[in-house]
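Student: Take a look at this one; I'll ask things after.
The values are calculated or read from the model by the stated rules, or taken from the named source; none is laboratory data. Here the structure is a predicted model, which means the values were calculated and not measured. All Cβ positions, even for glycine, are placed from backbone atoms using ideal geometry, and neighbour counts span all protein chains on display. These area figures cover heavy atoms from the full protein model, side chains too; ligands, DNA and RNA do not enter into them. Shrake-Rupley method; radii C 1.70, N 1.55, O 1.52, S 1.80 Å.
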Amino acid sequence: MRRIKTRIAILYGVGLLAVLLPIIAAVLLAEHRSLEQQKDRANRIASEILYRAHRVTDQLAAAVLELNASSGAERCSDANLDLMRKLVVKSNLLIDVGYIDNQEMVCSSFGRHAYRVGLPTYRGGGGYDVRTQVEHPLLPGSRLLISTDHKTGFSALIHEGAVLDVAPADSSRLTYGVFGVRSKTELFHHGAFDPGWLSRIGNAHATTFFDGSRIVAWSRSGRYDFAAYAAIPRSEIDHSWGQAMLVLVPVGIGAGLVLALVVAQLVRLQRTLSTALRDALKNDEFFLAYQPIVDLASGRWVGAEALLRWRNANGVMVSPDVFIPEAERSHLIERVTERVVQLLVQDAAELLRERPDFHIAINLSAQDFSNAALPDRLRGACAQMRVHPRSLHIEATERVFLDVGQTRKTVAALRAQGHVVSIDDFGTGYSSLSYLTEFELDCLKIDKCFVSTIGTQAVTRNVIGHIIEMAKSLQLRMIAEGVETQEQATYLREHGVEFAQGWLYAKAMDIRQLVQKLDTAKS
Ligand code: C2E
Ligand code: MG
Ligand code: MG
């Protein structure tokens, strides 16, 4: 009883885990997914900015180069102003092209109109001066970048948006831009670049990291001395984590509930089957069916195996392959065996008394052999039937014997009082061979799975030959189980197997039918 309770407690534990594990897994997965998603997002923004920065820089350089190549010493000649206009029209990014002298834009595609542009923010590689965040007097509120050839003064202007307008409108919390690597200056930026990132970045060409509050992606240009970066704050991570949780946690809970239901059903089934077995014992739902054992040489029925049958309260037949293992598990098998003995005494006393050379075999489980009182109980049963114990054979189902010492004693006691003891289903368990040497037995039942290979191409078809040879060398009698064809019977007889049992001869029947058939065979 304690073991059943422990098993149920374990099953409930498993049920609880079944609910919790998918939820925990969903939470962890949501967190991981959200972090990965935000890393991807940061990388995508940085790549887009780098792409745009390349395009813009290419156009700035091309425009200045074309102006540099124009003839004439006078920078603001009509021809140059014309070229400046053409360059702006041709480009899809340039706002203006002009000539800067001494912190002043002297002329540009807009005409000759001097306005101050101030000192360069820094001098970049390749002899270019760069001014950032310049407001054009004709474009109020504009934030422009001006790139100037410091030898010729020719300059090109672009709007910062040409590089920075990458993220959706709700991205005010994001930080991104273009950073001059050697000069350590910001060329374009939306939000401030954190100089602390530089130690994390080191010489990396591309990297993504979490700085404790933001996910930062960094991608350096292979052609120019700048890198694009994007940083996403923790609040965004939490936001997308929350969204992922909204989907994953219900899925986790759903999966957990389904698992829990399955476990609950298993617990219920376990309980109901063992409870039903107890009820069956109380309500007398068991009966015996007898399958004849045939002498292969003469065809005579020399005995029968008693097979237990259970018709439950709903009239459904439950297979012994289901209820015997359950009875063993729930420690009801001794009570089941006791019922078999009682049924046998009721059914077979007369038959066995009248036919002293006929026997009936009953099946016992491993736990029965650990029961020291069993030999006495069987002797009592034989006394009650007034038959010799040799009329009652025992089949030891060859599953694991629990207590080898006690089993050996029980087998010896059973044989000593005259019962014939067979090992059942020989060859299907993993310790068959050791049992043969461990316990002294009379008879070996060759399992039907070997009999069925006779005359087939199955890889195991030779095994039956070995089993037969081994039984002979140990001087054990043999009963072949599950004989269904004449070919099998012939093979077995020719190889020296004495007895057989199977549908070729008869299926299991009730005691009345058995007696009837035996009587007709006799007359
Ligand atoms: P087993 O002792 O090896 O019984 C032989 C099984 O093979 C029986 O199945 C029988 O109906 C079946 N059988 C007989 N001839 C043929 C045939 O020609 N072809 C095929 N395919 N099958 C055949 P059953 O009655 O379903 O019993 C299954 C198992 O349940 C038995 O195997 C035995 O291990 C166990 N069992 C049955 N009654 C008892 C019992 O009273 N006590 C215990 N402990 N176990 C029992
Ligand atoms: Mg058997
Ligand atoms: Mg068997």
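Student: What strands (runs of 3 or more DSSP E) completely inside the range 185-260 contain at least 3 residues that are within 32 Å of the chain's Cα centre (by Cα)?
Tutor: Output list reads 206-210.
Student: Can you list residue pairs whose Cβ atoms sit under 6 Å apart, with the first residue in the range 436-458 being more than 18 Å from E494 (Cα to Cα) and assigned by TED's automatic domain parsing to the domain that holds Y491 and the second being at pLDDT below 90 and more than 11 Å from ligand 3 (Cβ to nearest atom)? Count only pairs 6 or more apart in sequence or on different chains.
Tutor: Once the first residue is more than 18 Å from E494 (Cα to Cα) and assigned by TED's automatic domain parsing to the domain that holds Y491 and sits in the range 436-458, its partners that are at pLDDT below 90 and more than 11 Å from ligand 3 (Cβ to nearest atom) give F439/R408.
Student: Looking at (1) open to solvent by 10 Å² or more (accessible area, probe 1.4 Å); (2) away from ligand 2 (no atom under 16 Å from the Cβ), which is the only condition L277 fails?
Tutor: Failing condition for L277: (1).
Residue by residue, here is whether (1) at pLDDT 80 or above; (2) under 30 Å from V163 (Cα atoms); (3) within 16 Å of ligand 1 (Cβ to nearest atom) holds:
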| site | (1), (2), (3) |
| --- | --- |
| A228 | yes, yes, no |
| M245 | no, no, no |
| V263 | no, no, no |
| L273 | yes, no, yes |
| L277 | yes, no, yes |
| E285 | yes, no, yes |
| D295 | yes, no, no |
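Student: Pull up the range 56-69, narrow it to residues that are open to solvent by 30 Å² or more (accessible area, probe 1.4 Å) and more than 21 Å from F226 (Cβ to Cβ), then point me to the one that is nearest to the chain's Cα centre (by Cα).
Tutor: E66
Student: Also, I was wondering about something else. When the range 363-393 is examined, which residues are found to be open to solvent by 20 Å² or more (accessible area, probe 1.4 Å), in a loop (DSSP other than H, G, I, E, B) and in contact (Cβ under 8 Å) with a residue 40 or more places away in the chain?
Tutor: Listed by number, the list holds a single entry, S370.
Student: Quick check: anything in the range 483-499 without any contact (Cβ under 8 Å) to a residue 12 or more places away in the chain and either open to solvent by 30 Å² or more (accessible area, probe 1.4 Å) or aromatic (F, W, Y) (or both)?
Tutor: Yes: the range 483-499 contains one or more residues that are without any contact (Cβ under 8 Å) to a residue 12 or more places away in the chain and either open to solvent by 30 Å² or more (accessible area, probe 1.4 Å) or aromatic (F, W, Y) (or both).
Student: May I pose another question? Has the range 509-522 got any residue that is more than 16 Å from ligand 1 (Cβ to nearest atom), assigned to a strand (DSSP E or B) and basic (K, R)?
Tutor: no
Student: Restrict the check to the range 277-286 and report whether at least one residue is in contact (Cβ under 8 Å) with a residue 24 or more places away in the chain and in a strand (DSSP E or B).
Tutor: yes
Student: When you go through S47, S77, S109, S91 one by one, which is the residue that is buried (at least 18 other Cβ atoms within 10 Å of the Cβ) and not assigned by TED's automatic domain parsing to the domain that holds R268?
Tutor: Only one candidate qualifies: S109.
Student: Please enumerate the residues belonging to the range 153-197 that are among the polar types (S, T, N, Q) and either closer than 18 Å to T57 by Cβ or open to solvent by 40 Å² or more (accessible area, probe 1.4 Å) (or both).
Tutor: The answer is S155, S172, S183, T185.
Student: What about R123, is it among the basic types (K, R) and either outside the structural domain of D78 (by TED's automatic domain parsing) or loosely packed, with under 13 Cβ neighbours inside 10 Å (or both)?
Tutor: Considered against the rule, which asks whether it is among the basic types (K, R) and either outside the structural domain of D78 (by TED's automatic domain parsing) or loosely packed, with under 13 Cβ neighbours inside 10 Å (or both), R123 comes out as no.
Student: Could you tell me whether the range 498-519 includes any residue that is assigned by TED's automatic domain parsing to the domain that holds L288, more than 16 Å from ligand 2 (Cβ to nearest atom) and small (G, A, S)?
Tutor: Within the range 498-519, not a single residue is assigned by TED's automatic domain parsing to the domain that holds L288, more than 16 Å from ligand 2 (Cβ to nearest atom) and small (G, A, S).
Student: Could you check how many residues of the range 469-503 are farther than 28 Å from E350 by Cβ and at pLDDT 95 or above?
Tutor: Going through the range 469-503 one residue at a time, the tally reaches 18.
Student: Which of the following residues is in a helix (DSSP H, G or I) and touching a Phe, Trp or Tyr at 6+ places or on another chain (Cβ under 8 Å): L352, L344?
Tutor: Within the list L352, L344, the selection yields L352.
Student: Every residue in the range 320-362 that is open to solvent by 50 Å² or more (accessible area, probe 1.4 Å) and within 15 Å of ligand 2 (Cβ to nearest atom), please.
Tutor: Within the range 320-362, D321 is the sole residue that qualifies.
Student: Scan the range 292-309 residue by residue and report those that are surrounded by 21 or more Cβ atoms within 10 Å (Cβ to Cβ), over 23 Å from E494 (Cβ atoms) and in contact with a helix residue (DSSP H, G or I) (Cβ under 9 Å, 6 or more places away or on another chain).
Tutor: Within the range 292-309, A304, A306 meet the criteria.
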